[in-house]
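**Q** The structure that follows is given in the form of structure tokens.
The values are calculated or read from the model by the stated rules, or taken from the named source; none is laboratory data. Only a predicted model underlies this, so the values are computations on that prediction, with no experimental measurement involved. With ideal geometry, Cβ positions are generated from the backbone for all residues, glycine too; neighbour counts draw on all protein chains shown.
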Amino acid sequence: MTVRRPAKKARLLSGFCTLRSHPYGVQPLGNALFDSGGGAAQRPAADRGAGLGRLAALDDAALLGLFLAAPHVLDDGSVLRLQRCSRALYVLCGVDDVWRVRTLARFGGAFGAFADSWKNTYKARLHAERRPQPGECAPDVPLKVGYYSDYLFSAWRCSSIPLDVLCRADAPENIDRRSGLSVQEFVDEYDAPGKPVILTDVVTKWPAFGKWNMDYLEKTVGDVEFRAESVDLQFKTYAAYARTCNENGGSFEEAPLYLFDKYFGRRTKLDQDFSVPPYFSQDLFHLLGHNERPDYRWIIIGPARSGSTFHLDPNSTSAWNAVVTGAKKWLLFPPNCVPPGVFPSADGSEVTTPISLAEWFLNHYDEIKSWPVKPIECICRAGEVLYVPRGWWHCVMNLEESIAITQNFVNDCNLTEVLRFIREKPDQVSGYGSGEKACSLANTLYSRFSAALQETHPHVVQQEIATSRSAAKMLKAGSTKAPATNSISSLFAPSTEDESSSSASSSSFRFSF
Amino acid sequence: MEKAVAERSVLLKNMLEDVGDSDDSPIPLPNVTAAILKKVLEYCEHHKTDPLPNPEEDKDNAPIRRGDDIEEWDAQFIKVDNEILFEIILAANYLDIKGLLDLGCKTVANMIKGKKAQEIRDMFNIENDFTPEEEEQIRRENEWAADA
């Protein structure tokens, strides 16, 4: 007799979904109170106290963050031996993110064929390196030993909750979609006031559209190195990893490795397959010369669930983001309106956010309901390009495997803001990498850029300083609200002056105890 | 205590900046006991003239860390019971005192390095709660790779 089981449906019940079960049997901490401690056939889950001994003084986050996922502190061999000590350590040492960190630390981008997990990839790669070969290298088979941990379960939830549920893929969109715009219309309606928009008739005309996909790229640039977070790796290596992510229905990892590369123009001919849309053709940092301008363009490739947490684009520049294949979920908050769950420091140099974008969606998305300023929310799909004005906080989640191109730019519409930023905050200038030369380029950006602008924009530098001084005087004279530098904020903010000044960026983050 | 000593803790440094010099009210530290705090302050006092660590140091790209050659005073300072050692690590983590955190973690790592699984169990009083089959499977999976 076969037992028919009801089809598994994901239901959002006050934040919870039915998830597939964890390979090691990790459950939330609270479940320990309800589990009967083993029925006839079932052993109780691993005991943390017994299984960690004196190490139990450290919580899971500390054990993982300070030791297991810290290859510069604890060597790989030690972790492999620790994993054999007890069931609790078996689970903790088996957290696949530990092995992603260790694989990339030890082998860089040369980790070879991607297996079904980072740990198995690590082992296969190590095995290939050993002489003489230590016998067979069989992949790990997870043992469902059971372990209670909110920290581990949260990560599991973030990786396995269906993406369309997590990101509210069917939420109503509130962005303009336009086609057939003249450049002047775009400037008047969107760029000058700083209002996001999706243009639908630009990318569809690119040679890349309909041509680019993972297979095509693997065939044409498979051996070329691309940057993915902390490593450079051949495209074919990345493609194999992305394939594993896809095969797991987009639930392989909480935050998949994301390919974000700025050198594709010099390493490949891919830039021949697209052109900068006419609305964005003015590019004033170009005046600095190719070698002394901040980074400005990237090819972005990632599986479902890869993405970027909330941030402001560098140097107060604006950006366009064109989806060639795939789909990206966007949330955009207007300038000076910090999103829930995001805590910039007083000067903006540091930003505290949840560990992953998935965690933000899980724990903070619902706060938008009661937030004074509502964001723009949309899904940018293949063939569309989204305009991100300067100063807009935004996050992006790939709902499908996506290939995109993005560029940042300075033009007449944001030049004042850019000058102000790089003049007042040279320590926050970015796009030059790190090191002594980078530091020097960042510190001199304002002076070099001002000098470069003399010919085409002789007065704008002085004008920026003058308006900045008068704004400072007004603040000093006791007005509670700085003059709005961006009228769009007032379109999205509530109507009373008191409320809108409370959403100004001057509030600093305070730790609470 | 001196401000320079307290500011070895980035947490306290930030709190002091927020509160201002004129305020004399006590700062509650609910996660640190008096005994451990004393030990932590001893470290901060000794290291108060050290250059403060660069917060932008990218630990992924860090070359061989200075902590690999532990200075003599530090080596003596950190010779404590395991229990105290872990409390110091947790306090240094909470208070954000990089040098002390590195010292504590490196000390624990050196205790583990090179030891076999049973030696590690004995050292930390860990119970082997595997079935023989489980233990054998994991041994097969990990042993060859652990001698890296």
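**Q** Check A:V165 against each of (1) within 14 Å of chain B (Cβ to nearest Cβ); (2) touching a Cys at 6+ places or on another chain (Cβ under 9 Å); (3) hydrophobic (A, V, I, L, M, F, W, C) and name the one condition it does not meet.
**A** Evaluating A:V165 over (1) within 14 Å of chain B (Cβ to nearest Cβ); (2) touching a Cys at 6+ places or on another chain (Cβ under 9 Å); (3) hydrophobic (A, V, I, L, M, F, W, C) leaves (1) as the failure.
**Q** Given the criterion touching a Leu at 6+ places or on another chain (Cβ under 6 Å) and among the β-branched types (V, I, T), identify the matching residue among A:V388, A:V342, A:V410.
**A** A:V410
**Q** Identify the single condition in (1) of a type outside the set (A, V, I, L, M, F, W, C); (2) without any contact (Cβ under 8 Å) to a residue 40 or more places away in the chain; (3) within 12 Å of another protein chain (Cβ to nearest Cβ) that A:Y90 does not satisfy, given that it satisfies every other one.
**A** (2)
**Q** Residue check, A:A115 against (1) within 14 Å of chain B (Cβ to nearest Cβ); (2) assigned to a helix (DSSP H, G or I); (3) of a type outside the set (K, R), all met but one. Which one?
**A** All conditions pass for A:A115, except number (2).
**Q** Next up: Considering every residue within region A:279-295, establish whether at least one is farther than 30 Å from A:V187 by Cα, at pLDDT 95 or above and either touching a Leu at 6+ places or on another chain (Cβ under 7 Å) or assigned to a loop (DSSP other than H, G, I, E, B) (or both).
**A** Taking region A:279-295 first, the residues farther than 30 Å from A:V187 by Cα are none.
No, region A:279-295 contains no residue that is farther than 30 Å from A:V187 by Cα, at pLDDT 95 or above and either touching a Leu at 6+ places or on another chain (Cβ under 7 Å) or assigned to a loop (DSSP other than H, G, I, E, B) (or both).
**Q** While we're here: Farther than 15 Å from A:S306 by Cα and either modelled with pLDDT of 95 or more or among the basic types (K, R) (or both), is that true of A:E400?
**A** When the stated conditions are applied, A:E400 does not pass them.
**Q** Give region A:59-87 a look and list any residue that's free of Cβ contacts under 8 Å to residues at least 24 places away in the same chain, of a type in the set (A, V, I, L, M, F, W, C), in a helix (DSSP H, G or I) and closer than 16 Å to B:C105 by Cα, or say none.
**A** A:A62, A:L66, A:F67, A:V79, A:L82
**Q** Same structure again: Kindly provide the set of residues from region A:278-330 that are of a type in the set (D, E, K, R), surrounded by fewer than 22 Cβ atoms within 10 Å (Cβ to Cβ) and touching a strand residue (DSSP E or B) at 6+ places or on another chain (Cβ under 7 Å), ordered by number.
**A** Within region A:278-330, A:D283, A:R297, A:D313 qualify.
**Q** Looking only at residues in region B:136-147 that are touching a helix residue (DSSP H, G or I) at 6+ places or on another chain (Cβ under 9 Å) and surrounded by 14 or more Cβ atoms within 10 Å (Cβ to Cβ), which one is farthest from the other protein chains (Cβ to nearest Cβ)?
**A** Of region B:136-147, the ones touching a helix residue (DSSP H, G or I) at 6+ places or on another chain (Cβ under 9 Å) are B:138-139, B:141-147.
Next, only the ones that are surrounded by 14 or more Cβ atoms within 10 Å (Cβ to Cβ) stay: B:138-139, B:141-146.
Values: B:I138: 5, B:R139: 6, B:E141: 5, B:N142: 4, B:E143: 8, B:W144: 4, B:A145: 5, B:A146: 4 Å.
Here the residue is B:E143.
**Q** Looking only at region A:171-205, how many residues end up being surrounded by fewer than 17 Cβ atoms within 10 Å (Cβ to Cβ), within 30 Å of A:Y365 (Cβ to Cβ) and aliphatic (A, V, I, L, M)?
**A** 1
**Q** Moving to a separate point now. Look through B:L95, B:L85 and report the one residue that is at pLDDT below 95, within 20 Å of A:L66 (Cβ to Cβ) and either surrounded by 15 or more Cβ atoms within 10 Å (Cβ to Cβ) or of a type in the set (F, W, Y) (or both).
**A** Of the residues listed, the single one that is at pLDDT below 95, within 20 Å of A:L66 (Cβ to Cβ) and either surrounded by 15 or more Cβ atoms within 10 Å (Cβ to Cβ) or of a type in the set (F, W, Y) (or both) is B:L95.
**Q** In addition: Does any residue of region A:97-112 turn out to be at pLDDT 95 or above, over 23 Å from A:G146 (Cβ atoms) and facing chain B (nearest Cβ under 8 Å)?
**A** Taking every residue of region A:97-112 in turn, at least one turns out to be at pLDDT 95 or above, over 23 Å from A:G146 (Cβ atoms) and facing chain B (nearest Cβ under 8 Å).
**Q** Determine whether region B:135-142 contains at least one residue that is basic (K, R) and either out of contact with any Ser or Thr (no Cβ under 9 Å at 6 or more places or on another chain) or touching a residue at least 40 places away in the same chain (Cβ under 8 Å) (or both). Steps first, answer last, please.
**A** Kept after step one, since they are basic (K, R), are these residues of region B:135-142: B:139-140.
So of that shortlist, the ones also either out of contact with any Ser or Thr (no Cβ under 9 Å at 6 or more places or on another chain) or touching a residue at least 40 places away in the same chain (Cβ under 8 Å) (or both) come out as B:139-140.
Yes, there is a match, as at least one residue in region B:135-142 is basic (K, R) and either out of contact with any Ser or Thr (no Cβ under 9 Å at 6 or more places or on another chain) or touching a residue at least 40 places away in the same chain (Cβ under 8 Å) (or both).
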